[in-house]
Amino acid sequence: NVLELDMREAVRLGEFELHYQPIIDLATDTASGFEALMRWHHPVRGIVSPADFIPLAEETGLVVPLGTWALQEACREAAAWPGDLRVAVNVSAVQFAEPGLEHCVISALAASGLPPNRLELEITESVLIGDVESVTACLHRLRAFGVRIALDDFGTGYSSLSYLRRFPFDKIKIDRSFIREIADADTAAIVRAIVGLGERLGASITAEGIEDEAQLTRVRREGCTEAQGYLLSEPLPAADAYKFAFAKK
Ligand code: G
Ligand code: G
Ligand code: MN
Ligand code: NA
């Protein structure tokens, strides 16, 4: 596989980069943090989307060194941001299946000096499918250390609600497929119910994929605590995220 060979080289050549998408706190209309999103600058193909290379990186196990790099890079960058701005890093189920993840998180924090409560790990339901006991034990230890845990792409799996019983998440991120359809009354009712769940469970609720004002107005009305999407800002290169973090809004 050509892309796989390229990817092995790419890690070594430093062709990967993180972009940072602002996450807006709807109570203050200011950024509460940024989600780190990987980009691959391929010398021939141009920018390759993680939607194309993450699945391959997971199959080949390359997501482990790549994910280690992303954690280190994101923590290092976030340590330079002002105030208590957080950085959210996506972590794949394959990384959780390896014993080194906890050590990797703790050393990224130590090396950067980033306080643990400014790091958030975004996991999907797939993380809780494998060895549930050891994964939840690992999540509990990370959380006891101060790291925040978010459930990503909520609502897209086969049995989303059962995952809320397996771990007390700090945040639930409502998948953008719900936001796209939020003009629909039934979809809005589901979003409102997720907000209610979040309140009862002590989790904040982020609406993902906000692309227009009507969607923003609607997620505010339904009680979402945070919003993220192209309307608010695209994922930004590190230097622009740094400026965004310092800009008074
Ligand atoms: O940025 P974009 O929308 O193209 O990302 C596509 C997918 O790739 C999303 O599901 C996102 O969670 C995932 N992704 C982006 N960056 C990372 C990363 O650093 N690690 C992992 N595991 N997934 C990522
Ligand atoms: O699976 P995850 O939620 O981590 O995916 C995040 C992905 O969503 C990133 O690849 C990012 O580029 C993309 N994204 C961010 N904002 C928007 C948006 O407003 N609309 C769409 N369609 N995608 C978005
Ligand atoms: Mn995510
Ligand atoms: Na998501």
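The values are calculated or read from the model by the stated rules, or taken from the named source; none is laboratory data. Keep in mind that what you see is a predicted model, and the values were worked out from it rather than measured. So basically every Cβ, Gly included, is an ideal-geometry build from the backbone, and we count neighbours across all protein chains shown.
Listed values, structure above:
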quantity	calculated
Residue check for GLU120: at pLDDT 95 or above and closer than 20 Å to HIS19 by Cα	yes
Tabulated pairs, segment 37-50, first touching a residue at least 60 places away in the same chain (Cβ under 8 Å) and under 22 Å from GLU120 (Cα atoms), second surrounded by 20 or more Cβ atoms within 10 Å (Cβ to Cβ) and polar (S, T, N, Q), C-beta under 7 angstrom, 6+ apart or interchain	LEU37/GLN21
Some residue of segment 117-125 being under 21 Å from LEU62 (Cα atoms), of a type in the set (Ser, Thr, Tyr) and within 16 Å of ligand 4 (Cβ to nearest atom)	yes
Subset of segment 105-122 (residues that are in contact with a Gly (Cβ under 8 Å, 6 or more places away or on another chain) and more than 16 Å from ligand 3 (Cβ to nearest atom))	PRO115, PRO116, ASN117, ARG118
Any chance ILE129 is within 16 Å of ligand 3 (Cβ to nearest atom), of a type in the set (A, V, I, L, M, F, W, C) and touching a residue at least 24 places away in the same chain (Cβ under 8 Å)	no
Subset of segment 74-83 [free of Cβ contacts under 8 Å to residues at least 60 places away in the same chain and assigned to a helix (DSSP H, G or I)]	ALA74, CYS75, ARG76, ALA78
Residue list for segment 148-199, filter: part of a loop (DSSP other than H, G, I, E, B), more than 16 Å from ligand 2 (Cβ to nearest atom) and touching a helix residue (DSSP H, G or I) at 6+ places or on another chain (Cβ under 6 Å)	PHE167
Matching residues in segment 41-87 - criterion: being within 16 Å of ligand 4 (Cβ to nearest atom) and in contact with a Phe, Trp or Tyr (Cβ under 7 Å, 6 or more places away or on another chain)	VAL87
Test: residue in segment 146-166 that is modelled with pLDDT of 95 or more, out of contact with any His (no Cβ under 8 Å at 6 or more places or on another chain), more than 16 Å from ligand 4 (Cβ to nearest atom) and of a type outside the set (Val, Ile, Thr)	yes
Selection status of ALA97, within 14 Å of ligand 2 (Cβ to nearest atom), surrounded by 15 or more Cβ atoms within 10 Å (Cβ to Cβ) and small (Gly, Ala, Ser)	no
Segment 212-228 - residue that is of a type in the set (D, E, K, R) and more than 14 Å from ligand 4 (Cβ to nearest atom) and, of those, nearest to ARG165 (Cα to Cα)	GLU222
The listed residue being more than 24 Å from GLY155 (Cα to Cα) and of a type in the set (Gly, Ala, Ser), out of GLY130, GLY67	GLY67
Search result, residues across segment 161-205 that are among the hydrophobic types (A, V, I, L, M, F, W, C) and over 27 Å from LEU142 (Cα atoms)	PHE178, ILE179, ILE182, ALA183, ALA185, ALA188, ALA189, ILE190, VAL191, ALA193
Complete set of residues in segment 108-141 that are surrounded by 20 or more Cβ atoms within 10 Å (Cβ to Cβ), assigned to a loop (DSSP other than H, G, I, E, B) and within 16 Å of ligand 1 (Cβ to nearest atom)	THR124
Tally, over segment 1-29, of residues that are under 21 Å from CYS224 (Cα atoms) and more than 17 Å from the chain's Cα centre (by Cα)	4
